[in-house]
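For reference, the structure is listed below as structure tokens.
The values are calculated or read from the model by the stated rules, or taken from the named source; none is laboratory data. Worth saying up front: this structure is predicted, and the values here are computed from it rather than measured. Methodologically, a virtual Cβ is constructed for each residue, glycine included, from the backbone with ideal geometry; neighbour enumeration extends over all protein chains shown. With ligands, DNA and RNA removed, areas are computed over all heavy atoms of the protein, side chains included. Shrake-Rupley method; radii C 1.70, N 1.55, O 1.52, S 1.80 Å.
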Amino acid sequence: MKLPTVWLVAAFALGIALAIRWPAPLALAAAAAVVAILASAILLWRRCSAAAWLLALAAWGLLGALAASVERLDIPANHVDRLIAQGRLDLDDPLRWRGRLREDPLALPWGRRYEIDLEQVEQAGQPAPITGGLRVSLYGEVPRASALDALRAGDRVEALVKARPPRDFLDPRAFDLRGFLSRQRIDLTASLRSPSLLQLVGRPRPTFAQRLARARGALLSRLDALFPGQPERAAVLRAMLLGDRSFVDSQVVTDFQKTSAYHVLVVAGLHVGALVAFLLWLCRLLRFPRALTTLVTLVALAAYVALVQDRPPILRAALVAAFFLCARPLFRRVDLLNAVALAALALLLWKPSEIIDSSFELSFLAAGVIAGLALPWMHRTSVPFRQGLRHLGDVTRDAAHPPRVAQFRIEMRLAARWLAARLPQPLASRTAPLLTLPVRAGLRLWEIMLLSAVIQWGMLPLLARDFHRVSLTGPVSNIPAVLLTGLIVPLGFLALILTFVWTKLALAVAQGVSLATGWLLATVAWFSRLPRVSYRIPDPPLWLIVAFFAAFFLLASAARAAAAKTAGRLARRQLAPPIGLLEWASALALAAFTLLVASHPFAPRLVPGKLEVSVLDVGQGDSIFAAFPDGHTMLVDGGGLAGSEWMGGYRSGTDVGEQVVSPYLWSRGLKRIDVVALTHADHDHLDGLHAVLANFRVGALWIARDDDRPAAQRVLAQARSLGIPVIHQFQGAEIDWRGAQASVLWPPKDGADGLKPNDASLVLRLSYGGGHFLLVGDIEKHTEEELVAEHLPLESDFLKAAHHGSKTSSTDDFLAAVAPRFAAISVGEANPFGHPAQSVVERFEAHGVRLLRTDRDGAVTALTDGSSFSIHTYAENFTHP
């Protein structure tokens, strides 16, 4: 067992994952772990090594389960989550929250953000101790020279706000906002109605962590000062150097995602590698001994981790580098896989729940594929020739190399002599370095290309699962991104350090950093504009992910074994062995699985022979998915949230289309939507469609009347630019998809322009056999009366309630005409409009309608085969035959 650490850590991680999925009592996990350890020791004593090793793996798995159980219990009794779960904290009204600022206030394009480590909450006039994290957002300008303008990390503040736990959208595969913020130690969020509601209480002595936060804030300010008039480059440098991605333009982020270079904006392994390489080069230049070099590098890494804002990714990379550096003096060769495994073990011991964080998985997967496959292939291709370039003029060293490398050295010397005879005398003596420099650069370029390709290859399934994107340019576009990052990171920190010493020199270095950053942005933008090189795909099936990584494991194992044989043969000056059968077979299998992941040729996950309508939870908005018995699909509206606005290239809140609607459609295996229907151009129905139109192949966009509002025109312009037909639908239009119909009941073709936007909503009735669904947008009383008066076919089993349950809709006459058995209200939790109105809820109850709400029940899915009808929700497995 050449890599015992890897196997033990894998068992430990598997134990954690199983315990998270199926929690076990702490005592049971502890007892099982003790039994497994004792049994393993007994078998080892009796020299049953194979059985002892298997039991040791089991013991490590049980220790992982034990660690997960302990973490669940390690929550203070007065933590805000526990108090809410126990009903001891009433969040329906504003409360006074007191605590200390965790970071310097962060200035954002739309205002300020304050993160508070809670100490006390005042409820009904009674203060009580509390722990947890509160994020407070202030929209608008902060008064200059006010107390808020001078706040720093560590200051004690009091906020009078209505705070709530972050809410996840209750839809399959929606973005886990609560988990995302929890990993940042944010348990509550709130908005300040006025700057006066946040008060400075005191300025106690800051803790060490708060001093670091102040230093980070000061460095961010100095960084902005180094690049005046260059906000885009300054924003990218804030992200690359100090982990603050708050100011990176959304289009820039998209460009980096399209080219699979987004890791450049996330401080992690690449940045640590660039910094470590620079420090090792600098120490070698200064002729530091190995021990001092290691110490200097470790101290620099520790400072880097302390100062960077987005700490988890950088901590992982720094731990791998630290284990690798510390092991160098102890062993002749350090296996990077063992260093990666030790770093993973350290983090999982500290926080077992990291195992389900996609950032954790991607970080260690990247390091694992580098160590498992990229490095072995390098040692079989470029490394022997790079080593052969050392001491090229020493003929006596030729015998120490295998025949191919020795021949390479001879040919290089002959080329150097030929070149020396044709150069001026001053250059003739330098021909060997002049000749080897481009060869070394070419070999390094090959290694970067190989590294980039292997990383993109190995991470493909998880990138497809988590980000639903395939970038065909990734292996190529990452080459300039990696090279420029290796230049930007050390020079950027050098410029920051020089601001404390010599401002003019700092500005001079900053000009070079700015130039390199401009090149980075330009190359990424160029690659992102190439046609059809980046596309979105649904989630790969679980069996495909497992098969992919099984094939990758076999290929890496074969490559490592072949690399070890190659090293042995090279040491004996023999030719490298040919590529083995296992390596060929696993590579071919992996190529087949790669094609399946990248193309996703699987049929959508729909219910055959049934008409389905799913009202998605998109907060205070509407988005409805419909699947027809023959496989045709329709999306009615795309949702949108108030407060989630574009400001100077930045989005101030959740992009419902990208983070909620699209993931739901991908979870159903969809790459195409036959019809997207926009009922009307209000933001809460329209905003999410931008992402949907960009992420899916859309057959047609249905709208009712033309709308001159800019938001509507932007959607229409996007559809036309993508070649999507825009079709106006009016009363009387109907399509038939093999026995299922979609009928347009409203608005009429004549007179639609005189209606208010809500009353001009597109009203659709979907039918299959005897099952009917009525989707009415945001129509109000006037339109409901018109629909009833015209004796249109309104009767339906299922009604999507109008206008989020507003009191201006769902009149008694309309409900009597529709006679629904079920109704769903799409509404946001604790919305400021008071939706749904109590009077509306009572009207539904009076008509005997089973009323469901997305804020409580999550996504509501109704199905009919033309005769029977069923309905279920995401939040609870409610089913009514």
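Summary table below
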quantity: Scan of segment 827-874 for residues that are among the basic types (Lys, Arg) and closer than 23 Å to ASP90 by Cβ, ordered by number; calculated: ARG853, ARG856
quantity: Any hit, segment 43-59, residues being in contact (Cβ under 8 Å) with a residue 60 or more places away in the chain and at negative phi; calculated: no
quantity: Residue check for PHE169: under 30 Å from ASP539 (Cα atoms) and either of a type in the set (Asp, Glu) or open to solvent by 60 Å² or more (accessible area, probe 1.4 Å) (or both); calculated: no
quantity: In segment 583-633, the residues that are among the aliphatic types (A, V, I, L, M) and part of a loop (DSSP other than H, G, I, E, B); calculated: ALA603, LEU606, VAL607, LEU616, VAL618
quantity: Test set (1) acidic (Asp, Glu); (2) part of a loop (DSSP other than H, G, I, E, B); (3) within 30 Å of LEU28 (Cα to Cα) - GLU103 fails condition number; calculated: (3)
quantity: Complete set of residues in segment 591-646 that are open to solvent by 30 Å² or more (accessible area, probe 1.4 Å) and charged (D, E, K, R); calculated: ARG605, LYS610, ASP630, GLU645
quantity: Index of the failed condition, PRO820 passing every other in (1) free of Cβ contacts under 8 Å to residues at least 24 places away in the same chain; (2) closer than 23 Å to MET634 by Cα; (3) not hydroxyl-bearing (Ser, Thr, Tyr); calculated: (1)
quantity: Condition met for ARG173 (under 30 Å from GLU122 (Cα atoms) and among the basic types (Lys, Arg)); calculated: no
quantity: Residues within segment 255-272 that are open to solvent by less than 10 Å² (accessible area, probe 1.4 Å) and part of a helix (DSSP H, G or I), tallied; calculated: 5
quantity: Residues satisfying the stated conditions in segment 316-338, i.e. open to solvent by less than 50 Å² (accessible area, probe 1.4 Å), part of a helix (DSSP H, G or I) and modelled with pLDDT under 80; calculated: ARG316, ALA327, LEU336
quantity: Residue ID - most open to solvent (accessible area, probe 1.4 Å), chosen from residues in segment 387-442 that are assigned to a loop (DSSP other than H, G, I, E, B) and in contact (Cβ under 8 Å) with a residue 24 or more places away in the chain; calculated: GLY393
quantity: Candidates LEU118, LEU91 - the one that is in contact with a helix residue (DSSP H, G or I) (Cβ under 8 Å, 6 or more places away or on another chain) and part of a strand (DSSP E or B); calculated: LEU118
quantity: Some residue of segment 5-19 being over 30 Å from ASP117 (Cβ atoms), open to solvent by 60 Å² or more (accessible area, probe 1.4 Å), part of a helix (DSSP H, G or I) and β-branched (Val, Ile, Thr); calculated: no
quantity: Residues that are over 30 Å from VAL136 (Cβ atoms) and either modelled with pLDDT of 90 or more or over 27 Å from the mean Cα position of the chain (by Cα) (or both), drawn from segment 68-96; calculated: VAL70
quantity: Top-ranked residue of segment 226-242 - restricted to ones that are surrounded by fewer than 22 Cβ atoms within 10 Å (Cβ to Cβ) and not in a helix (DSSP H, G or I), ranked as nearest to the chain's Cα centre (by Cα); calculated: GLN230
quantity: Count of segment 474-488 residues which are at pLDDT 90 or above, surrounded by fewer than 23 Cβ atoms within 10 Å (Cβ to Cβ) and under 26 Å from SER662 (Cβ atoms); calculated: 0
quantity: Extreme residue, surrounded by the fewest Cβ atoms within 10 Å (Cβ to Cβ), among residues of segment 859-881 that are in contact with a strand residue (DSSP E or B) (Cβ under 6 Å, 6 or more places away or on another chain) and of a type in the set (S, T, N, Q); calculated: THR879
quantity: Which numbered condition GLY512 fails, given (1) in contact with a Lys or Arg (Cβ under 9 Å, 6 or more places away or on another chain); (2) at pLDDT 90 or above; calculated: (1)
quantity: Single match in LEU212, LEU223, LEU219, LEU200 (criterion: under 29 Å from ARG167 (Cα atoms) and either more than 32 Å from the chain's Cα centre (by Cα) or outside any loop (DSSP other than H, G, I, E, B) (or both)); calculated: LEU200
quantity: LEU373 surrounded by fewer than 21 Cβ atoms within 10 Å (Cβ to Cβ) and of a type outside the set (Phe, Trp, Tyr); calculated: no
quantity: Any hit, segment 102-125, residues being over 19 Å from GLY217 (Cβ atoms), small (Gly, Ala, Ser) and either surrounded by fewer than 21 Cβ atoms within 10 Å (Cβ to Cβ) or in contact (Cβ under 8 Å) with a residue 60 or more places away in the chain (or both); calculated: yes
